[in-house]
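S.K.: Structure in structure tokens, see below.
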Amino acid sequence: MSNCGSYVWPINGRSYDSSGVYVERYSNAAGCDSMYVLNLKVNKNYEIKEQAEVCKEYLWPVNQQLYTHSGLYRYPLKSSQGCDSIISLNLKINPEFKQIDTVITNSDYLWPVNQKIYPASGTYEEDYTSSHGCDSIHLLVLTINKEVSLYYPNVIHPGGINEWFTIFIYGGTASIKVLSIYDRWGSLVWQKQSFPSNELQQGWNGLFKGQKALPGVYVWSAVIELQDGSTLIEKGDVNVLR
């Protein structure tokens, strides 16, 4: 006799869960001693236990199913002897983290996550490994409002008190990429590139080709580069007095 798990012998109503030869004696109708013999092979019902700890998700090879949550999962199967068995999976899934820092400021920002200084608005990413070994992302969404105030004279008097024309910038760091001066007919009188703001003697001194420019109204245009790399384009006019 072969059975799975255990076997209840009808002769005596007993349950056997181990293979072996079992004997049950009795007296027959003639009063003679007799016996029943059970040659039993018990095939075990197996439970196979697996465990896994992964990041994000796990594809279980047993049933080709994708799991995204921790838990205890079971899958029934048959042993080679045809007995019902179970394979179980104790699964722990560690998440991949995505953390977002949103920052609005009016100056350069030191991000504590990586100790880097960011001078410009934008979205920045720092990849890291969590304590469970999972790839994770830390994002910085940074807005820098660098409001600057511009000042420029509308009158210069070469040889007088206000001799120079340049751009003054307050409330932020900036440089002048290009400053151009034109006469009333649109001809270029003076131009200078890549110089600091707020320094009078870096600007125009009212000369044209080494000679005093004629008095009158001149048009100017400036391209100003802020610290975050953005640019401003400003235009205006200045009156030259003699």
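S.K.: So, of the residues in segment 93-107 that are under 27 Å from residue 53 (Cα atoms) and of a type outside the set (S, T, N, Q), which turns out to be surrounded by the most Cβ atoms within 10 Å (Cβ to Cβ)?
M.R.: Looking at residues that are under 27 Å from residue 53 (Cα atoms) and of a type outside the set (S, T, N, Q), I get 93.
S.K.: Within segment 10-92, which strands (runs of 3 or more DSSP E) (wholly inside it) include 3 or more residues that are exposed (fewer than 13 other Cβ atoms within 10 Å of the Cβ)?
M.R.: 20-27, 33-43, 47-55, 71-78
S.K.: Taking the condition in a strand (DSSP E or B), more than 17 Å from residue 226 (Cβ to Cβ), in the same structural domain as residue 160 (by TED's automatic domain parsing) and touching a strand residue (DSSP E or B) at 6+ places or on another chain (Cβ under 6 Å), does residue 189 pass?
M.R.: Criteria met by residue 189.
S.K.: I'd like the residue in segment 161-192 that is touching a Leu at 6+ places or on another chain (Cβ under 8 Å) and polar (S, T, N, Q) and, out of all such residues, is nearest to residue 148 (Cα to Cα).
M.R.: So, considering only residues that are touching a Leu at 6+ places or on another chain (Cβ under 8 Å) and polar (S, T, N, Q), the one nearest to residue 148 (Cα to Cα) is 173.
S.K.: Related question: I'm checking my understanding of the structure. Among residues of segment 122-174 that are within 13 Å of the chain's Cα centre (by Cα) and among the charged types (D, E, K, R), which one is nearest to residue 222 (Cα to Cα)?
M.R.: The qualifying residue nearest to residue 222 (Cα to Cα) is 125.
S.K.: Now for a different question. If you go through segment 220-242 one residue at a time, how many are in contact with a strand residue (DSSP E or B) (Cβ under 9 Å, 6 or more places away or on another chain) and part of a loop (DSSP other than H, G, I, E, B)?
M.R.: 4
S.K.: Give segment 71-91 a look and list any residue that's in contact with a Leu (Cβ under 9 Å, 6 or more places away or on another chain) and closer than 23 Å to residue 41 by Cβ, or say none.
M.R.: 84, 85, 86 - these are the residues of segment 71-91 that are in contact with a Leu (Cβ under 9 Å, 6 or more places away or on another chain) and closer than 23 Å to residue 41 by Cβ.
S.K.: Continuing with the same structure: Taking segment 199-219 as the region of interest, how many residues are crowded, with 17+ Cβ neighbours inside 10 Å, hydrophobic (A, V, I, L, M, F, W, C) and not in a loop (DSSP other than H, G, I, E, B)?
M.R.: So the answer is 2.
The values are calculated or read from the model by the stated rules, or taken from the named source; none is laboratory data. This is a predicted model, so every value here is computed, not measured. In this analysis, Cβ positions are derived from the backbone assuming ideal geometry, glycine residues included, and neighbour counts consider all displayed protein chains.
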